[in-house]
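One structure is given below, encoded as structure tokens.
The values are calculated or read from the model by the stated rules, or taken from the named source; none is laboratory data. Please read all numbers here as calculations on a predicted model, not as lab measurements. Neighbour counts run over all protein chains shown; Cβ positions are idealised from the backbone, glycine included.
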Amino acid sequence: MSSDEKSLDPEDWGAFRALAHEALDKAIDTLATVRQRPAWQAPPQRPDASALPLGPTPLAQVCRAVEQDVLPYGVGNTHPRFFGWVHGAGTAEGIIAAIYTAALNANVGGREHAAVHVEREVLGWFKQLVGFPQSASGILLSGTSMATMIALAVARHGRGDPASLRIYTSDQAHISVAKAVRVVGLPPTCLVKVASDDRLRMDAGALRAAIDADTSAGRSPLAVVATAGTALTGAIDPLATIAELCEASNLWLHVDAAIGIGLRLHPALRDRLAGIERADSVAFDAHKWLHVPYDVGCVLIRDAQAHHAAFREGASYLQRATRGTGGGAPWFCDAGPELSRGFRALKVWMVLRTHGLDALGAQVLENCRQAEHLARRVAACEHTALAAPTDLAITTFRCTTGGSEADDDALNEEIVLRVQESGVAVPSSGRVRGRAVIRVNITNHRTTRADVDRLFDAVLEHRAALVAAR
Ligand SMILES: *Cc1c(COP(=O)(O)O)cnc(C)c1O
């Protein structure tokens, strides 16, 4: 082999193997000892403009840099007291999945290879979970934001004058719905925000009135995006009623079940999403309550032909064959905007197979109980008040002082920051009906009731200190 035919492979596989084993140990340690570390700590800053790394650096040194400057400074979502936003906690076998996935280095845009079949198997499981027929189609994506974008692209494909189309969602819907509307080329006026009721669920009466008003005015109602578990409070829109309305008016029903899909894993919780099986499309995340490591979400589309019609393009260099490497049709590149796409399915397949859905469902139920436990503590305490019903496993509450609402808003926001900076726990903040709340989201299989208590105690301590300093 001449020197200019050298590959990028290690010259000494034995030395590489030793280093890789060390790196694996470090990765496992990071997860195994997470409880002993702060839930969050500020990361070291990196130079804004470091020089291009033109020459080589020994791999051992590169690994040390990652272990020192990156691994200890996660956002905290692997920690048992991370309750912010909606993040999944990941699982240990995700580390193994990442190694296999990197070794295979599969491009799952199409063709005939094992990764395609694993993804199809995972999609088949997801169809059963949602209650869709196996004839539906689907694709794994980076998350629900992309999944909803794909669903709306299919819903709007081949439909007339964009400006007259109307898509309805509740005033509690996730920002990804508005983003999807923009990305599929519709003006913002196409998105109609329907009022939510006192439990922050879409008001079906208001939805019907909005559809009727638009129809009378000559506009073209296209779709409803219902939410099965809002990000702020976990509210579940009345899916069955909305499904009926959509069937009667011939509207596309898309359900954002980013978090709520977790409820489908437990027989005692499953029916809370009754009606989801009647949707035209469903989007959800595996990286949230299913605990698959980032990033992976899914869209399922009932009408597979409509799905592929919205994305299929042909070219001679991408000819489908009935035999050989170019077989395997239909290709996943016909189901979304990406041609090259990674093997997200393996980590899903491994996590679901390793634990089994029953065990994952038991975790979901436990998280719901922990959230209800917190809600009881909030309700029983004279210094705190619940801000919304505890749906899914999200408890939102407010510390009160008897002072002005605006002062209490500032107080609650400051408490959240102080608890985060203390490293004890990570809650997040938000506004329910305009008032600042402390938001505790429990989609974490490492969380115990004692962790929830520790968070609440920390909140009360910071409240007391801030009130005393006034
Ligand atoms: C997280 C979330 C999304 C967006 O999902 P990503 O995976 O972050 O793209 C959409 N809707 C709801 C209700 C969510 O909680």
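The single condition among (1) crowded, with 23+ Cβ neighbours inside 10 Å; (2) over 29 Å from the mean Cα position of the chain (by Cα); (3) of a type outside the set (A, V, I, L, M) that residue 230 does not meet is (2).
The set of residues in the stretch 268-312 being in contact with a helix residue (DSSP H, G or I) (Cβ under 8 Å, 6 or more places away or on another chain), within 16 Å of the ligand (Cβ to nearest atom) and of a type outside the set (A, V, I, L, M, F, W, C) consists of 272, 281, 285, 288, 291, 293, 297.
The set of residues from the stretch 386-419 being farther than 30 Å from residue 261 by Cβ and among the small types (Gly, Ala, Ser) comprises 402, 403, 404, 406, 410. Anything in the stretch 172-191 that is within 16 Å of the ligand (Cβ to nearest atom) and in a helix (DSSP H, G or I)? List them, or say none. Within the stretch 172-191, 175, 176, 177, 178, 179, 180, 181, 182, 183 meet the criteria. The set of residues in the stretch 392-413 being within 17 Å of residue 431 (Cβ to Cβ) and not polar (S, T, N, Q) consists of 394, 397, 398, 399, 405, 406, 407, 408, 409, 410, 411, 413.
For the stretch 29-59, residues that are hydrophobic (A, V, I, L, M, F, W, C), exposed (fewer than 13 other Cβ atoms within 10 Å of the Cβ) and in a helix (DSSP H, G or I) total 1. Can you confirm whether the stretch 288-304 contains a residue that is free of Cβ contacts under 8 Å to residues at least 40 places away in the same chain and in a helix (DSSP H, G or I)? No; the residues of the stretch 288-304 include none that is free of Cβ contacts under 8 Å to residues at least 40 places away in the same chain and in a helix (DSSP H, G or I).
Within the stretch 222-240, identify whether any single residue is farther than 28 Å from residue 434 by Cα, in a loop (DSSP other than H, G, I, E, B) and not aromatic (Phe, Trp, Tyr), and answer yes or no. No, because not a single residue in the stretch 222-240 is farther than 28 Å from residue 434 by Cα, in a loop (DSSP other than H, G, I, E, B) and not aromatic (Phe, Trp, Tyr). Check whether at least one residue in the stretch 148-166 is within 16 Å of the ligand (Cβ to nearest atom) and part of a strand (DSSP E or B), and report yes or no. Within the stretch 148-166 (the criterion being within 16 Å of the ligand (Cβ to nearest atom) and part of a strand (DSSP E or B)), the answer is no, since none of the residues qualifies.
For the stretch 89-112, check the following and say yes or no: at least one residue is in a strand (DSSP E or B) and over 17 Å from the mean Cα position of the chain (by Cα). No.
In summary, residue 220 fulfils each of the numbered conditions (1) away from the ligand (no atom under 16 Å from the Cβ); (2) without any contact (Cβ under 8 Å) to a residue 60 or more places away in the chain; (3) surrounded by fewer than 18 Cβ atoms within 10 Å (Cβ to Cβ) with the single exception of condition (2). Regarding the stretch 245-255, can at least one residue be identified that is in a loop (DSSP other than H, G, I, E, B), modelled with pLDDT of 95 or more and away from the ligand (no atom under 14 Å from the Cβ)? Scanning the stretch 245-255, I find at least one residue that is in a loop (DSSP other than H, G, I, E, B), modelled with pLDDT of 95 or more and away from the ligand (no atom under 14 Å from the Cβ), so the answer is yes.
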